[in-house]
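**Q** First the structure, which I've put down as structure tokens, then a few questions once you've had a look.
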Amino acid sequence: MRFGALVAASGLMALLIFAVAYSDRSPIAGRAVAGDCRTTFDVPSDGKAPGEKFTVLPAARHAATGATPVTMADITRGAGFLDEWDTMIVITPGMTPHRLNELTHVMDTCWENLPDGSYDEDVPTTAYYLYLLNGKPLRAAAWLFPTDNELDFQRTSTQTVHPDTVLTPDQPPGIKPQLRVTSAN
């Protein structure tokens, strides 16, 4: 009888641990656990050595002051990112590893140092544009949420961008120029 109670208690404990680990409120929900990771990607390191920071904002700012639509590939080339990429994910504060996995279709990468969900609208918080090729994270470009809006993906709730995504300059009076998604392919 004691053995049966011990087995039942052990089974319940295992079920409880599983439920907590994979609940939506768990910090590890949807995240590959250390043994499941083929790779680990530290988002703030941007996939390169420290000091080699990459930004697309000056190129986006320049294109936003123009009159003709551009593609996201035009922006990355203008920023000096000449590597081939096929997907860009807009990472905003509070994005969970689970949601990032859904957007990237990458399940064997552990995402480190994603921006947490706490921010004050008066104090910008670091966010990222994550570039991938065939599901492999290449690099990330930091930007400040919500103030760096040269690439205005918030208005359209765009989270996944491709090289051929067309962006149109928008220059309303009194507001800094922005690029808005015209077509997402």
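The values are calculated or read from the model by the stated rules, or taken from the named source; none is laboratory data. This structure is a prediction, so every number in the text was calculated from the model and none was measured. Every residue, glycine among them, receives a Cβ derived from its backbone with ideal geometry; neighbour counts consider all protein chains shown. Just the protein is used for accessible areas: all its heavy atoms, side chains included, with ligands, DNA and RNA removed. Shrake-Rupley method; radii C 1.70, N 1.55, O 1.52, S 1.80 Å.
**Q** Please give me, ordered by residue number, the GluC sites (Glu not before Pro) of segment 88-132 that lie in loop per DSSP and have at most 11 other Cβ atoms within 10 Å.
**A** 121
**Q** Just by accessible area at a 1.4 angstrom probe, what is the order of 38, 155, 139 from largest to smallest?
**A** The ordering from most to least exposed comes out as 38, 155, 139.
**Q** Explain nothing, just the number: dipole magnitude of segment 117-160 about its Cα centre with +1 on each Lys and Arg Cβ and -1 on each Asp and Glu Cβ, in debye rounded to the nearest 20.
**A** The dipole of segment 117-160 has a size of about 420 debye.
**Q** For residue 38 and residue 154, compute 0.36 nm times the residue count separating them, minus their Cα-Cα distance, and round to one decimal in nm.
**A** Once the chain is fully extended between residue 38 and residue 154, it gains 38.6 nm.
**Q** A further question on this structure: What FRET efficiency would be calculated for the residue pair residue 171, residue 83, taking the C-beta separation as r and a Förster radius of 41 Å, to the nearest 0.05?
**A** 0.85
**Q** Separate question: Could you check the spin-label model distance between residue 134 and residue 116? Points 7 Å from the Cα along Cα→Cβ, value in nm.
**A** Placing both labels 7 Å beyond Cα along the Cβ direction yields 3.8 nm.
**Q** Going toward the positive end of the dipole of segment 65-153, with +1 on Lys and Arg Cβ and -1 on Asp and Glu Cβ, which of 115, 126, 104 do you reach last?
**A** It is 104.
**Q** Mind putting a number on the dipole of segment 49-109 about its Cα centre? Charges go on the C-beta only, +1 for Lys and Arg and -1 for Asp and Glu, and I need it in Debye to the nearest 20.
**A** 320 debye
**Q** When only DSSP loop residues count, what chymotrypsin sites (Phe, Trp or Tyr not before Pro) in segment 52-101 have their Cβ near at most 10 other Cβ atoms within 10 Å?
**A** none
**Q** Which ³J(HN,Hα) values, rounded to whole Hz and listed in residue order, are derived for segment 140-155 from phi using the Karplus coefficients 6.51, -1.76 and 1.60 in 6.51 cos²θ - 1.76 cosθ + 1.60 with θ = phi - 60°, glycine and proline given as x?
**A** Along segment 140-155, the couplings run 10, 10, 6, 8, 9, 8, x, 7, 7, 10, 4, 9, 8, 8, 5, 4 Hz.
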